[in-house]
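Report on the structure given below.
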Amino acid sequence: MNEPARDPRFDVLFERVRIGPIVAKNRFFQVPHCNGMGYRDASAHAEMRAVKAQGGWAVVCTEQAEIHHSSEITPYIEARIWDDQDIPALALVADRIHEHGALAGIELCYNGLSGLNLHSRVAPRAPSALPVISGHADPVQAREMTKRDIANVRRWHRQAVDRSLRAGYDLVYVYAAHGLSCMHHFLSPRYNLRSDEYGGSLPNRMRLLREILTDTVEEVAGRAATACRITLDELLGDGITRAEIEEVLGELGEIPDLWDFAMGTWEDDSVTSRFGAEGGQEQYVAGLKALTSKPVVGVGRFTSPDAMVRMVHQGILDFIGAARPSIADPYLPQKIEEGRLEDIRECIGCNICVTGDFTMSPIRCTQNPSMGEEWRRGWHPEVYRTRHADEKILVVGAGPAGLEAAMAAGKRGYEVVLVERSRRLGGRVAAEARLPGLAEWIRVLDYREGQIARMGNVEVYLESPMTADELPAYDFAHVAVATGSTWRRDGVGRRHTHPMRIGGLPILTPDDLMAGDRPAGSRVVIFDDDHFYMGGVLAELLAGEGYDVSIVTPQACISRWTVNTMDQHRIQARLMNLGVELRCNTTAEAIGDDGLELACTYTGSRSDLGAEAAVLVTARLPEDSLLTDLQTRRHEWPDRGLRSARAIGDALAPGTIAAAVWEGRRFAEEIENPSDDADTTPYRREVTQLAGRRPPS
Ligand code: ADP
Ligand code: SF4
């Protein structure tokens, strides 16, 4: 066995740390994070956590586990520990974590003001009778908890602790963070309007947290550790402040065995790289460790081991907490341990992982296409199935889909040739990473370029446009057409499914702007019918360069879909601060010679908006002509040994970078047996059993 080639300056990260009655083998701590699988996809959830334990994390936690049906966050899919029926699914997670030598943590949660109770239908209970906090302004109000309710919640929490122990967990969290938990709402002067001994002064507002922490410590009775995840500052003006949290730590600091520090709401804690750098929480966390003798964990999208070491040496953190870095690279600790820093798949801070939770679908990750597919499809972030035959693979186009396909096929042991028309690798990632705030996205290229460079069986040719005429000269068995897509110039998108009426006004597309073209005048109107980040980021680009910019969108807000990446509010604020005129609920009906004809999406009332150029951010056209040409020459395939040709990524169907990377991996996984025409579901899924009925024998 090879000795670990760890750089001694990272030794501190591999020290053992005691957490009350348990000992963590190193300082890498996967803090609780949502994954859109929870109670519904238990086996997939368990395997996802298991792979992280394999990758060297000392502690691996579940997402929030709802402790009782009277507080649940349907439609979101989290873990549940409502009663004993939930124990087997949670025990499976703990068992799989233990099999790989990590400690298993569970985050118990009574959601209070953040649970709509759409499943249980009972009235939510919270410190005060306020509308439930929800992204959709649901017509649900909580009722103020009585003393009896408080006693009930304490008892239910104890019962959940007991079930957690029976499920095998080593670390039990009391959750008081992210605005998602009743303990947080009790602490917060914004949400706690009570006049009894649980409201008003800070000692009163922290009373329930103190009681539940004490109950938990008592209930675990030395058989597991107790953790508390707490919000450091609600960043709201009228909410919890950092000064108050210092007081809380002064009072409660010694009760749990570990403190986990989080910022404000989840949006404040998991900021996209467009709006926050690595280690962004430091200013809030620094100094708190001194207020407790217990170990502390904090996050900061840490991917740099030097930054992690500094956190420990400067006494800011004891554990390097990670959600996103552990999603992008479940083997981050092991790679640092083995001195393989160049193999780290660094998180790009895009928050596509968050969109899984928000869309109630299994987690996905731009950098790590195996995330969520560990059990479903048997994909692994580091281990690849050996090739099925000595065949040569051609991948055309080196965007995210082509890079991933070439790398993954190469890791399977195939001989791979990757050809790229332009003089640079990266496709859309290389172009988009030059837009304001998106620089970290270049890591999608960096990781794959680095891996491919070290593989003897993958050859890369730049400035090599491939045509169907050339292909017969080679002996490739399988071809992946990863030639991407182009933004449409004719206005076709969601609003217009046929080309728009377009006059003489100069039209630019995102491709033009990314290629360096700029409008001739100074007055530009962007029509955003795409609704992800592109329209907003181009408005930011042009406004930053001094253009007079308006952005027109049929949606009620700018970059509407970015609510799922949790940065819509920041994008809109940034554009407003840059002086961009925002025209929401408005469509561009036609483009004339000196402006756009607009219509209100509700009333249809028309107006004109003058412009010297229009930027159309609507839909994209797949660039799949190579595949079409190859298919027309199918008769030549047998003589040439060509067995399959497929479009992948944006050339198949334009989508997210994450979808392109995933398709690249799927191509490599399914080279010998593509699942596109399969009659049966090509991945495993959990099927709910009918209560009280046995399957036919
Ligand atoms: P995806 O997101 O699907 O990976 P991209 O648009 O990012 O797609 O990348 C497509 C890449 O394919 C671009 O770098 C483009 O230059 C390259 N490309 C397109 N057509 C050809 C071709 N015929 N031969 C080689 N490379 C091509
Ligand atoms: Fe990081 Fe994006 Fe992956 Fe989330 S989806 S872990 S933000 S790379």
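The values are calculated or read from the model by the stated rules, or taken from the named source; none is laboratory data. Values in this document were obtained by computation on a predicted structure and should not be read as measured data. We place every Cβ from the backbone using ideal geometry, glycine too, and count neighbours over all the protein chains shown.
Listed by first and then second residue, the pairs with beta-carbon distance under 7 Å, at least 6 apart or on different chains, first residue in the stretch 242-257 and surrounded by 15 or more Cβ atoms within 10 Å (Cβ to Cβ), second part of a loop (DSSP other than H, G, I, E, B) and among the small types (Gly, Ala, Ser), are Asp257/Gly20.
On the stretch given as the stretch 1-24, residues that are surrounded by fewer than 23 Cβ atoms within 10 Å (Cβ to Cβ) and either among the small types (Gly, Ala, Ser) or closer than 25 Å to Gly253 by Cβ (or both) total 11.
When Phe527 is tested against (1) surrounded by 18 or more Cβ atoms within 10 Å (Cβ to Cβ); (2) closer than 23 Å to Ala433 by Cβ; (3) among the aromatic types (Phe, Trp, Tyr), only condition (2) is not met.
Remark: Gly604 matches the filter, which requires a residue to be part of a loop (DSSP other than H, G, I, E, B) and at positive phi.
Count of the stretch 646-660 residues, restricted to those that are more than 8 Å from ligand 1 (Cβ to nearest atom), in contact with an Asp or Glu (Cβ under 6 Å, 6 or more places away or on another chain) and either part of a helix (DSSP H, G or I) or charged (D, E, K, R) (or both), is 0.
Looking across Ala389, Ala398, one residue alone is crowded, with 24+ Cβ neighbours inside 10 Å and either near ligand 2 (Cβ under 10 Å from one of its atoms) or touching a residue at least 60 places away in the same chain (Cβ under 8 Å) (or both). It is Ala398.
Residue selection: Gly56 fails the criterion of being out of contact with any strand residue (DSSP E or B) (no Cβ under 8 Å at 6 or more places or on another chain), crowded, with 21+ Cβ neighbours inside 10 Å, part of a loop (DSSP other than H, G, I, E, B) and not aliphatic (A, V, I, L, M). Within the stretch 406-453, restricting attention to residues that are of a type in the set (Lys, Arg) and touching a Phe, Trp or Tyr at 6+ places or on another chain (Cβ under 8 Å), the residue that is farthest from Gly544 (Cα to Cα) is Arg412.
Is it true that Glu597 is more than 16 Å from ligand 2 (Cβ to nearest atom) and within 30 Å of Leu652 (Cα to Cα)? For Glu597, the condition - more than 16 Å from ligand 2 (Cβ to nearest atom) and within 30 Å of Leu652 (Cα to Cα) - is not met.
Where helices (runs of 4 or more DSSP H) fall entirely within the stretch 157-232, those with at least 1 residues that are surrounded by fewer than 17 Cβ atoms within 10 Å (Cβ to Cβ) are at 202-205, 207-220.
Okay, residues lined up against (1) within 26 Å of Thr656 (Cα to Cα); (2) within 30 Å of the chain's Cα centre (by Cα):
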position	(1), (2)
Ala520	no, no
Met534	yes, yes
Ala539	yes, yes
Val549	yes, no
Val552	yes, yes
Leu598	no, no
Asp608	no, no
Leu626	yes, no
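Among the numbered conditions (1) in contact with a helix residue (DSSP H, G or I) (Cβ under 9 Å, 6 or more places away or on another chain); (2) over 28 Å from Ala24 (Cα atoms); (3) of a type outside the set (S, T, N, Q); (4) at pLDDT below 95, the only one that Leu236 does not meet is (1). Among the residues of this structure, Gly298 counts as one that is small (Gly, Ala, Ser) and surrounded by 22 or more Cβ atoms within 10 Å (Cβ to Cβ).
Just wondering, is there one or more residues in the stretch 81-88 that are of a type in the set (S, T, N, Q) and without any contact (Cβ under 8 Å) to a residue 12 or more places away in the chain? Yes; the residues of the stretch 81-88 include at least one that is of a type in the set (S, T, N, Q) and without any contact (Cβ under 8 Å) to a residue 12 or more places away in the chain.
Every residue, every condition in (1) modelled with pLDDT of 95 or more; (2) out of contact with any helix residue (DSSP H, G or I) (no Cβ under 7 Å at 6 or more places or on another chain); (3) within 27 Å of Ala79 (Cα to Cα); (4) within 16 Å of ligand 2 (Cβ to nearest atom), yes or no:
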site	(1), (2), (3), (4)
Arg310	yes, yes, no, no
Ala328	yes, yes, yes, yes
Leu332	yes, no, yes, yes
Lys335	yes, no, no, yes
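Counting only residues that are farther than 16 Å from Gln159 by Cα and touching a strand residue (DSSP E or B) at 6+ places or on another chain (Cβ under 7 Å), the stretch 195-224 holds 1 of them. Taken together, Thr497, Thr486 contain a single residue that is surrounded by fewer than 23 Cβ atoms within 10 Å (Cβ to Cβ) and closer than 30 Å to Arg633 by Cα, which is Thr486.
Can you pull out the residues in the stretch 554-580 that are under 23 Å from Trp487 (Cα atoms) and more than 28 Å from the chain's Cα centre (by Cα)? Val580, the sole residue that qualifies. With a requirement of 2 or more residues that are over 30 Å from Thr359 (Cβ atoms) and modelled with pLDDT of 95 or more, the strands (runs of 3 or more DSSP E) lying completely within the stretch 1-52 that satisfy it span 17-19, 22-24.
Taking the numbered list (1) surrounded by fewer than 24 Cβ atoms within 10 Å (Cβ to Cβ); (2) more than 23 Å from Met566 (Cα to Cα) in turn, Ile106 passes all entries but (1). Hey, any hits in the stretch 588-595 for a residue that's buried (at least 21 other Cβ atoms within 10 Å of the Cβ) and under 21 Å from Gly503 (Cα atoms)? Yes, that holds for at least one residue. Cβ-Cβ distances below 7 Å connect the following pairs, each with a first residue in the stretch 339-355 that is more than 24 Å from Thr265 (Cα to Cα) and among the β-branched types (Val, Ile, Thr), a second residue that is within 16 Å of ligand 2 (Cβ to nearest atom) and part of a loop (DSSP other than H, G, I, E, B), and a separation of six or more residues or different chains: Ile344/Thr303; Ile344/Asp329.
Of all residues in the stretch 300-320, those satisfying the criterion of being touching a residue at least 40 places away in the same chain (Cβ under 8 Å) and within 19 Å of Gln367 (Cα to Cα) are Arg301, Thr303, Pro305. The single residue among Gly237, Gly315, Gly250, Gly279 that is in contact with a Gly (Cβ under 8 Å, 6 or more places away or on another chain) and not polar (S, T, N, Q) turns out to be Gly279. Scanning the stretch 402-428 for residues that are surrounded by 21 or more Cβ atoms within 10 Å (Cβ to Cβ) and away from ligand 1 (no atom under 14 Å from the Cβ) yields Ala409, Gly410, Lys411, Tyr414, Val416.
Answer yes or no as to whether Ala431 is within 17 Å of Ala482 (Cβ to Cβ), of a type in the set (A, V, I, L, M, F, W, C), buried (at least 16 other Cβ atoms within 10 Å of the Cβ) and near ligand 1 (Cβ under 9 Å from one of its atoms). Against the criterion (within 17 Å of Ala482 (Cβ to Cβ), of a type in the set (A, V, I, L, M, F, W, C), buried (at least 16 other Cβ atoms within 10 Å of the Cβ) and near ligand 1 (Cβ under 9 Å from one of its atoms)), Ala431 qualifies.
Scanning the stretch 535-560 for residues that are surrounded by 24 or more Cβ atoms within 10 Å (Cβ to Cβ), out of contact with any Asp or Glu (no Cβ under 8 Å at 6 or more places or on another chain) and not in a helix (DSSP H, G or I) returns no hits. Whenever a residue of the stretch 148-162 is among the aromatic types (Phe, Trp, Tyr), its partners that are modelled with pLDDT of 95 or more, lying with C-beta atoms within less than 6 angstrom and at least six residues away or across chains, give the pairs Trp156/Ile67; Trp156/His68. Of the residues that make up the stretch 619-626, is at least one assigned to a strand (DSSP E or B) and surrounded by fewer than 22 Cβ atoms within 10 Å (Cβ to Cβ)? Yes, the conditions are met somewhere in the stretch 619-626.
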